[in-house]
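The values are calculated or read from the model by the stated rules, or taken from the named source; none is laboratory data. Quick caveat: nothing in here was measured; it's all calculated off a predicted structure. Backbone-built Cβ (ideal geometry, glycine too); neighbour counts: all protein chains shown. For accessibility, only protein heavy atoms count, side chains too; no ligands or nucleic acids. Shrake-Rupley method; radii C 1.70, N 1.55, O 1.52, S 1.80 Å.
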Amino acid sequence: MLLNTIKIMARDLYHNAVRAALEKDGWKITHDPLHLPKKIIGAKLEIDLGLQKIIIAEKRTEKIAVEVKSFIKPSIIHEFHAVLGQYLGYIVGLEKVESDRVLYLAMPQNAYEILTEMPIFQAIVDRFNLKLIIFEPKNEIIIAWIK
């Protein structure tokens, strides 16, 4: 029981809002969380969500993983730097386990708007080819996909 409580507490503040928004957008949750095997990665890594969507017109399945972040700490840029390190680690882990799955970082719209005012943010997004999902937590909707 205590272990389950700890696991639930470790979820991001907006985890359920992002999950609901992605489901509204037609995505099927396949993992919550998506575990990357310790025997392959060398450490226990869990990405918040694994999802898939069948693209009927193209007769293919698109698979993504989503790491959800709230950006509620006092310094948004310091939090972004920490998130970036986690994101890059997950990219490398996914390449070893599920190379066909694309990783996205989900962030609330207000955090994205603040970060986009900082030139370093866009430079980092471009340099590392970050994939972003911008969401509005209150209404549980996706505002933008930035690929």
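Applying the Karplus relation 6.51 cos²θ - 1.76 cosθ + 1.60 with θ = phi - 60° to the stretch 139-147 yields 3J(HN,Hα) values of 9, 6, 10, 7, 8, 7, 10, 10, 10 Hz, where x marks Gly and Pro. Working from Cα pairs under 8 Å separated by at least six residues, relative contact order for the chain is 22 percent. Heavy-atom accessible area for Leu45, with the other protein chains in place and a 1.4 Å probe, reaches approximately 40 Å². The share of accessible area on the chain that comes from carbon and sulfur is 56 percent, using a 1.4 angstrom probe. Got a sec? Which residues in the stretch 23-39 would a label at Glu98 touch, if it sits 7 Å along Cα→Cβ and we count backbone N under 13 Å? Residues 28-37 qualify, since their backbone N sits under 13 Å from the label point. For the stretch 19-147, the tally of Lys pairs with Cα-Cα distances below 17 Å comes to 18, considering only residues 8 or more apart or on different chains. Surface analysis of the stretch 85-147 yields an accessible area of 54 Å² per residue, using protein heavy atoms and a 1.4 Å probe.
Pairwise inverse Cα distances across the stretch 40-145, averaged and inverted, put the Kirkwood hydrodynamic radius at 14.9 Å. When both the stretch 106-139 and the stretch 66-100 are represented by their alpha-carbon centers, they are found 12 Å apart.
Applying the Karplus relation 6.51 cos²θ - 1.76 cosθ + 1.60 with θ = phi - 60° to the stretch 41-55 yields 3J(HN,Hα) values of 7, x, 8, 7, 10, 10, 8, 3, 9, x, 9, 9, 9, 8, 9 Hz, where x marks Gly and Pro. Taking 0.36 nm per residue of sequence separation and removing the Cα-Cα distance, the Ile124/Thr30 pair yields an extension gain of 30.9 nm. In this simple spin-label model, placing a label point 7 Å from the Cα along the Cα-to-Cβ direction at both Glu136 and Gln86 gives a separation of 2.5 nm.
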